[in-house]
Amino acid sequence: QVQLVESGGGLVQAGGSLRLSCAASGSILSISAMGWYRQAPGKQRELVAVITSGGSTNYADSVKGRFTISRDNAKNTVYLQMNSLKPEDTAVYYCNARKYLTNYWGQGTQVTVSS
């Protein structure tokens, strides 16, 4: 089992920044990728950004150039730096870890961007 604990959400004005953190623990060997997803009210959960064990990254078009995903292997932690936030970025953000064919999820952290 993999446990994921997110932190760093909150309320910010449009144009502001936040950094989300996701600490992984438990059976973390062989995790192939970690990422962030978000779900706004009434919408489906969507991929925001992902980083593989090899360091490759991928972003949703809507956040390219504004968000940056990174990882600290020594701390088993993944970060999402979010800049130039927009009201449409408001959502619950979930950390995800993929290990073989299993997805693990954190509890989610609320990000609210006011206009």
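The values are calculated or read from the model by the stated rules, or taken from the named source; none is laboratory data. Keep in mind that this is a model prediction, so the values were computed, not measured. A quick note on method: Cβ atoms are made from the backbone with ideal geometry, for glycine too, and the neighbour counts reach across all protein chains shown. Remember, those area values only see protein heavy atoms, side chains included, never the ligands or the DNA or RNA. Shrake-Rupley method; radii C 1.70, N 1.55, O 1.52, S 1.80 Å.
Taking every C-alpha pair closer than 8 Å and separated by at least 6 residues, the mean separation divided by the residue count of segment 2-83 gives a relative contact order of 30 percent. Excluding ligands, DNA and RNA, the accessible surface per residue across the chain is 53 Å² with a 1.4 Å probe. Note on the chain: with charges restricted to the Cβ of Lys and Arg (+1) and Asp and Glu (-1), its dipole about the Cα centre is near 120 debye. Counted residue by residue at 0.36 nm each, then reduced by the alpha carbon distance between them, the extension gain from Ser7 to Gln110 reaches 36.1 nm. Accessible surface of segment 34-87, 1.4 Å probe: 44 percent of it comes from carbon and sulfur atoms.
Both radii were evaluated on the Cα set of the chain; the Rg over Rh quotient, with Rh as the Kirkwood radius, amounts to 0.95. The trypsin sites (Lys or Arg not before Pro) found in segment 30-106 that occupy coil by DSSP, while having at most 13 further C-beta atoms within 10 Å, are Lys43, Lys64, Lys75. Can you give the FRET efficiency to the nearest 0.05 for Ala40 and Ala74, using r as the Cβ-Cβ distance and R₀ = 30 Å? Step by step, r from the Cβ atoms, then E = 0.35.
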